[in-house]
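To start, the structure under review is shown below, and the notes come after it.
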Amino acid sequence: VVAKTFFDVIEKTARDPSAFYAAQTNLAAEFGKLLQATADKLAGETVAPVVAPEPGDRRFRDPAWETDAFYDFLKQAYLIVSRWADAAVAQTPGLEPATRRRASFYLRQYLDAASPLNFPGTNPEALREAAETGGESLLRGFGMMLDDIERGGGELKIRTVAEGAFELGRNVAATPGKVVMRTPLAELIQYEPTTDVVGKRPSLIAPPWINKFYVLDMRPKNSLVKWLTDQGRTVFIISWVNPDGRLRDMDFEDYLEHGPLAALDAMRQATGEAEADVIGYCLGGTLIASTLAWLAARDDHRVKTATFVTTMLDFSDPGELGVFIDEDQIQILEDHMARRGYMDGRHMARVFSLMRDRDLIWSFYVNNYLLGRDPAPFDLLYWNDDSTRMPQMMQKFYL
């Protein structure tokens with residue numbers, strides 16, 4: 001798919017190279033300015049940068065990228081080339097919008113991988129750390145890389161959170177609860193309020209089923225579940241099964257039936273209350289929206305309020321996720337799922353990591369392997385790494 005995309009870019013450029021020539025001319029002019037600015041800086045003059053990182057680009061935070069003429073030149077040269085390449089794709093005439101978006105996305109992966117920060121010889125912080133530790137930081141980082149390859153079964157599975165920092169039931173997912181319902185696809189966990197005065201309507205949380213249920217019950221200090229129970233609310237969370245090949249034929253309607261619909265019935269039985277508030281997170285929010293439509297079609301008004309968190313409801317433009325959705329890639333994925341009956345959670349995790357590769361891949365690559373440091377204990381990334389599988393029919397329907 002990547003090769004096909006760039007072949008299309010090259011073909012369109014060959015047919016009308018005017019935009020490419022203009023980009024080349026601009027590239028040469030920018031490098032001319034950079035060479036002059038570097039010469040002036042070496043001569044002791046104070047000069048403004050020719051190009052600066054975009055707001056929010058936190059890669060070049062080390063002071064050496066500003067104060068050292070060599071690293072400043074390296075940083076600006078990298079940024080100039082990156083923007084030239086990006087502009088060349090953006091201005092290629094005749095590209096289909098989907099192809100242009102894929103080409104820009106794939107190009108960003110290459111450019112981010114080629115950043116001078118990702119190489120020990122061109123990363124000033126890594127060089128300082130190696131000098132101060134007598135090379136021990138690089139040895140430690142190499143050992144961590146070998147461990148991650150072994151942990152990934154031959155693939156590099158970069159750890160994003162300190163090992164042993166979290167334990168389910170101890171410092172994440174620690175709010176006391178009990179299972180009050182079980183279906184072929186889910187369990188329903190009930191959390192009792194901690195107050196004397198109790199709210200009348202219970203709350204139902206539907207999380208995504210590409211990760212575990214506790215995204216809204218992290219550490220006590222940032223657990224929505226604990227906060228709600230401390231406000232006197234009775235809370236229910238759907239905990240989805242981690243499917244294997246036996247559930248290959250479960251689709252979206254099955255998740256609706258065995259998830260929110262079954263949960264609402266169980267909540268009424270557990271509390272005696274017919275009405276409820278619902279919260280949908282990510283894919284769970286998409287399911288909740290469909291549940292509301294299903295209930296409305298039957299003149300069922302038991303849900304009084306609905307809250308959506310990071311939920312996609314309009315699928316006309318899925319954003320960068322659309323890069324991974326075309327006939328060729330879906331066929332590859334369907335062939336993979338047909339053999340197992342499910343999509344391995346690692347594939348979905350890899351997709352989301354690529355969409356935020358600087359934060360979820362390269363920052364940890366530098367921290368772990370070049371600096372030899374353990375990643376920070378971040379509960380959200382611990383949850384993010386706790387991925388689950390998707391049944392074949394459900395994933396095919398969703399895509």
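The values are calculated or read from the model by the stated rules, or taken from the named source; none is laboratory data. Values in this document were obtained by computation on a predicted structure and should not be read as measured data. Here the Cβ positions follow ideal geometry from the backbone for every residue, glycine too, while neighbour counts run over all protein chains shown. Accessible surface areas use protein heavy atoms only, side chains included; no ligands, DNA or RNA. Shrake-Rupley method; radii C 1.70, N 1.55, O 1.52, S 1.80 Å.
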Applying the Karplus parametrisation 6.51 cos²θ - 1.76 cosθ + 1.60 with θ = phi - 60° to the phi angles of region 174-182, what ³J(HN,Hα) value in whole Hz is obtained for each residue in order, glycine and proline being reported as x?
-> 9, 5, x, x, 9, 7, 10, 7, 9
Lys/Arg Cβ at +1, Asp/Glu Cβ at -1, dipole of the chain taken about the Cα centre: which of N123, A88, A338 is farthest positive-ward?
-> A338
Only Cα pairs under 8 Å and at least 6 apart count here; give the relative contact order of region 330-399 as a rounded whole percent.
-> 50 percent
Within region 264-302, which residues have the backbone N less than 17 Å from the label spot 7 Å out from Q231 along Cα→beta-carbon, could you tell me?
-> 276-281
In bins 10 Å wide, starting from 0, what share of all Cα pairs of region 210-340 does each bin hold, as a percent?
-> 10, 34, 35, 16, 5, 0
Expressed in nm to one decimal, what extension gain is obtained for the pair I10 and V81 from 0.36 nm per residue of sequence separation less their Cα-Cα distance?
-> 23.8 nm
FRET efficiency for L261 and A113, using Cβ-Cβ distance with R0 set to 41 Å, rounded to 0.05 | 0.35
To the nearest Å, what is the center-to-center distance of region 243-300 and region 310-375, using C-alpha atoms only?
-> 26 Å
Nearest-5 percent of antiparallel DSSP beta bridges in region 166-254?
-> 70 percent
In what order, largest first, do E327, E275 sit by accessible area if the probe radius is 1.4 Å?
-> E327, E275
Which pairs break 25 Å Cα to Cα here: K4/K396; K12/K75; K12/K33; K200/K226?
-> K12/K75; K12/K33
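What ranking, highest mean first, results for peptides 308-321, 179-192, 26-39, 62-75 when packing means the other Cβ atoms within 10 Å averaged over each residue? Present the calculation step by step, with values, prior to reporting the outcome.
On the way: 308-321: 12.2, 179-192: 17.9, 26-39: 14.8, 62-75: 16.4.
The peptides rank, most packed first, as 179-192, 62-75, 26-39, 308-321.
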May I ask you to derive the relative contact order of the chain, considering only C-alpha pairs under 8 Å and at least 6 residues apart, and to give it as an integer percent?
-> 19 percent
Sorted largest first, the Cα spans of region 360-399 on the principal axes come out in Å as 43, 19, 11
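Going by the alpha-carbon gyration tensor, a ≥ b ≥ c the square roots of its eigenvalues, is region 210-266 rounded (a/c under 1.5) or, if a/c is not under 1.5, prolate (a/b greater than b/c) versus oblate?
Working: a/c = 4.32, a/b = 1.80, b/c = 2.40.
Oblate, because a/c is 1.5 or more while a/b does not exceed b/c.
With +1 on each Lys and Arg Cβ and -1 on each Asp and Glu Cβ, how big is the dipole of the chain about its Cα centre, in debye rounded to the nearest 20?
Details: 44 positive and 57 negative charges, 71 e Å.
That gives the chain a dipole magnitude of about 340 debye.
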Take every DSSP beta bridge with both residues inside the chain and express the antiparallel ones as a percent of the total, to the nearest 5.
-> 50 percent
Hydrodynamic radius of region 131-215 per Kirkwood, over alpha carbon pairs, in Å = 17.4 Å
Which residue, chosen from L380, L360, L224, occupies the Cα position most advanced towards the positive end of the dipole of the chain, where the dipole is computed from +1 (Lys, Arg) and -1 (Asp, Glu) charges on Cβ about the Cα centre?
-> L224
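Could you sort 365-375, 91-101 so that the peptide with the highest average Cβ count within 10 Å comes first and the rest follow in order? Before the final figure, lay out the partial values.
Numbers: 365-375: 19.6, 91-101: 15.5.
Final packing ranking: 365-375, 91-101.
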Between 0 and 90°, nearest 10: helix 327-340 axis offset from the chain longest Cα axis = 50 degrees
Scoring region 57-182 by relative contact order with C-alpha pairs under 8 Å, at least six apart, yields a percentage of 15 percent
Lysines near K221 by alpha-carbon distance under 23 Å, same-chain residues fewer than 8 away left out - which ones?
-> K178, K212
Once Rh is set to the Kirkwood radius over Cα pairs, what Stokes-Einstein translational diffusion coefficient, in µm²/s, holds for region 224-298 at a temperature of 10 °C and a viscosity of 1.306 mPa s?
-> 115 µm²/s
When the Cα centres of region 178-201 and region 55-87 are compared, how far apart do they sit, in Å?
-> 52 Å
Cα axis of helix 283-297 to longest principal axis of the chain: angle in degrees, 0 to 90, nearest 10?
-> 40 degrees
Report, in degrees rounded to the nearest 10, the 0 to 90 angle that the Cα long axis of helix 136-151 makes with the longest principal axis of the chain.
-> 40 degrees
Of the residues Y71, V161, A3, the Cα lying farthest along the dipole of the chain towards its positive end, which is defined by charges on the beta carbon of Lys, Arg, Asp and Glu, belongs to V161
Return, for the Cα atoms of region 330-399, the radius of gyration and Dmax in Å, separated by a comma.
-> 15.1, 43
Extended-chain gain in nm, criterion 0.36 nm per residue less alpha-carbon gap, F70 and D326 | 87.8 nm
Roughly how many whole Å is it from the C-alpha centroid of region 12-26 to that of region 132-172?
-> 45 Å
Determine the gain in length on full extension of the stretch R302-A3; use 0.36 nm per residue of separation and subtract their C-alpha separation, reporting nm with one decimal.
-> 102.5 nm
